[in-house]
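The structure is given below, and queries will be raised subsequently.
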Amino acid sequence: MSQPTPALYERIYLVVRQIPAGEVSSYGDVASIVGGGCDARSVGYALGELGPHAAEVPWQRVVSRDGTISTRGLLQGQLLVAEGVAFDEQGRVRMARHRWRGPDPAWCAEQRCTPLPPRDDLEQLGLF
DNA sequence: CAGATGACTCCCA
DNA sequence: CTGGGAGCCATCT
């Protein structure tokens, strides 16, 4: 089954677009969902290539695995706060509370992507 | 094909 | 917390 792979980046944007407001995901998680040899770095690069498409893709909901924001402009944090995302004293997103669990299973089957790899360690952390 | 670049992640000191 | 290094991948010259 060879898929045309729409530049792959398009696929990344598609997944990011599924992240609901008030929740966040990490580059690695998005990469795993997209699959097809996608990597956490690729996701970051793809988002960097957004440019004019930034208005259609909630790129601000994608942060590093620790909940830290890599972008220089703190606009990302502002947008997340406006969506109701909570930050801790260190300016990191509370992943244990806002981490996106992945897209809908039906949507996933349609896009031929991975539901989401096993990663409950963050959920078990007593960050509450 | 090789080299350079880039919003990542993990490991060690 | 800070610093450095390695591994991974897509895209452009």
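Values quoted throughout were computed directly from the atomic coordinates according to the rules given, and no laboratory measurement underlies them. Not measured: the values here are computed from a predicted model. Please note: Cβ atoms are built from the backbone with ideal geometry, for glycine as well, and neighbour counts cover all protein chains shown.
So what does the Cα-only Debye profile of segment A:22-97 read at q = 0.27 Å⁻¹, as log10 I(q)/I(0), no solvent term?
Calculated log10 I(q)/I(0) at the listed q: -1.40.
Amide H to amide H under 5 Å from A:Val62: which residues, 5+ apart in sequence or cross-chain, H placed 1.01 Å off N in plane?
Those lying under 5 Å, H to H, from A:Val62 are A:Ser25.
Which parts of segment A:8-22 would a label at A:Asp39 reach, counting a residue when its backbone N lies under 19 Å from a point 7 Å out along Cα-to-Cβ?
A:8-13
Follow-up question, since we're still on this one. Do any GluC sites (Glu not before Pro) in segment A:23-66 lie in a loop, going by DSSP, with at most 16 other beta-carbon atoms within 10 Å of their beta carbon, and if so which? Walk me through the numbers before you get to the answer.
Working: sites: A:Glu23, A:Glu49, A:Glu56; in loops: A:Glu23, A:Glu49, A:Glu56.
Taking segment A:23-66 and a limit of 16 other Cβ atoms within 10 Å, the loop GluC sites (Glu not before Pro) found are A:Glu49, A:Glu56.
Determine, for A:Arg112, A:Arg61, the number of other Cβ atoms within 10 Å of each Cβ, and report the residues in order from fewest to most.
A:Arg112, A:Arg61
Compute, for segment A:1-101, the length of the dipole vector about the Cα centre, with Cβ point charges of +1 (Lys, Arg) and -1 (Asp, Glu) only. Units Debye, rounded to 20. Intermediate values should be presented prior to the final figure.
On the way: 11 positive and 10 negative charges, 33 e Å.
That gives segment A:1-101 a dipole magnitude of about 160 debye.
Using θ = phi - 60° and the Karplus form 6.51 cos²θ - 1.76 cosθ + 1.60, what ³J(HN,Hα) does each residue of segment A:35-50 get, whole Hz, x for Gly and Pro?
Per-residue couplings from phi come out as x, x, x, 7, 10, 4, 5, 4, 5, x, 5, 4, 5, x, 8, 3 Hz.
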